[in-house]
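Report on the structure given below.
The values are calculated or read from the model by the stated rules, or taken from the named source; none is laboratory data. Just so it is clear, the structure is predicted and the values come from calculations on it, not from any experiment. Cβ placement follows ideal geometry from the backbone for every residue including glycine, while neighbour counts extend to all protein chains displayed. The accessibility values were calculated without ligands, DNA or RNA, using every heavy atom of the protein model including side chains. Shrake-Rupley method; radii C 1.70, N 1.55, O 1.52, S 1.80 Å.
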Amino acid sequence: MQQLTRTVASACDAWLTPRLGMSFRPAAEPITTPDAKLGGQPVWLEAPQWPLSRTDGALMMFIGQFPVPQSDGRIAYLFMTAEDPGLRETWDPEAGENAVIIQPGGRVPDVVRTADVVTGPTLWNRGTTWDDAVPVELSVGLTALDPATDGLLDAKAAEGDAERRGLYPDPDEEVDDSADTTRSYVGGAPVFWQPHLPPVPPGTMSWRFFLQLDGAEGVDDDPYALNFGGGTAYVFLSHDTLEGRLTWDCV
């Protein structure tokens, strides 16, 4: 079981330990329980709150849902406006083109409008052609990483934290991430592609890192197609776990 740190953690600290890597398996049938999954349809715990794109009011795409550890059964639902040749600011947590909805009892961010809609657009993968979008539903397994991978991610996170504080390693001493096999995990500390960029949402509210999820093109062995610019999405929760934000970063 993941444990919460007793101290007040900052956004880039390891708030949940241990770090749990994600694995994905196609669901044999629709998942209707409040378990971790990607795609399919949300398993709402209260009245539906489907986020709408600020640009045109269209329903956002449901990415997936993740239980929030030790939160009395809360679920974090992740949404993003469907790919639109890079014209939507889906990376900006305050642009109204992505959303984290928390139930039960959560707060909808001020920048997000929602509709009382049960089902809507969902995560997909490419079919026989590049433009053939096939909906997917994936069960997400969460397991502790092997010590070597976990240590590598900790070292990369520490290196990024040092860079944000203006400390740059000698090129010969940089962490060798050639063996880095995952950037999708819950807990631990985040590993950003560009550590010098502001890593957390703006404003006065303080945040804690919850999870990160790699994007994918939906080719070869990719389990889904999700446009994060070739990078990774990061989810942060408020200290009371009632509100969330999503941002993504790439090289």
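Data for the structure
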item: Residue 110 accessible area, 1.4 Å probe, all protein chains in place, Å² to nearest 10; result: 150 Å²
item: Average accessible area per residue (Å²) across the chain - probe 1.4 Å, nucleic acids and ligands excluded; result: 47 Å²
item: Heavy-atom accessible area ranking, 1.4 Å probe, most first, across 54, 165, 245; result: 165, 54, 245
item: Tilt relative to the chain, helix 147-164 - C-alpha long axis, 0 to 90 degrees, to 10; result: 80 degrees
item: Most mobile listed residue (18, 51, 42) in the chain, GNM with C-alpha springs under 10 Å; result: 18
item: Computed label-point distance, nm, for sites residue 196 and residue 250 using a 7 Å Cα→Cβ extension; result: 2.0 nm
item: Fully extended contour minus Cα-Cα distance, from residue 32 to residue 17, at 0.36 nm per residue; result: 2.7 nm
item: Total formal charge among the other residues, if their Cβ is under 13 angstrom from that of residue 250, Lys/Arg +1 and Asp/Glu -1; result: -2
item: Peptides 218-230, 124-136 ordered by average Cβ neighbours within 10 Å, highest first; result: 218-230, 124-136
item: Portion, in percent, of the accessible area of the chain that falls on carbon or sulfur, probe 1.4 Å; result: 53 percent
item: Accessible area (Å², 1.4 Å probe, nearest 10) - residue 153; result: 0 Å²
item: Cα-centred dipole magnitude for segment 64-166, charges only on beta-carbon of K, R (+1) and D, E (-1), debye, nearest 20; result: 240 debye
item: Length-normalised contact order for the chain - Cα pairs under 8 Å, 6+ apart - percent; result: 25 percent
item: Label-point separation in nm, residue 25 to residue 129, each point 7 Å along Cα→Cβ; result: 3.5 nm
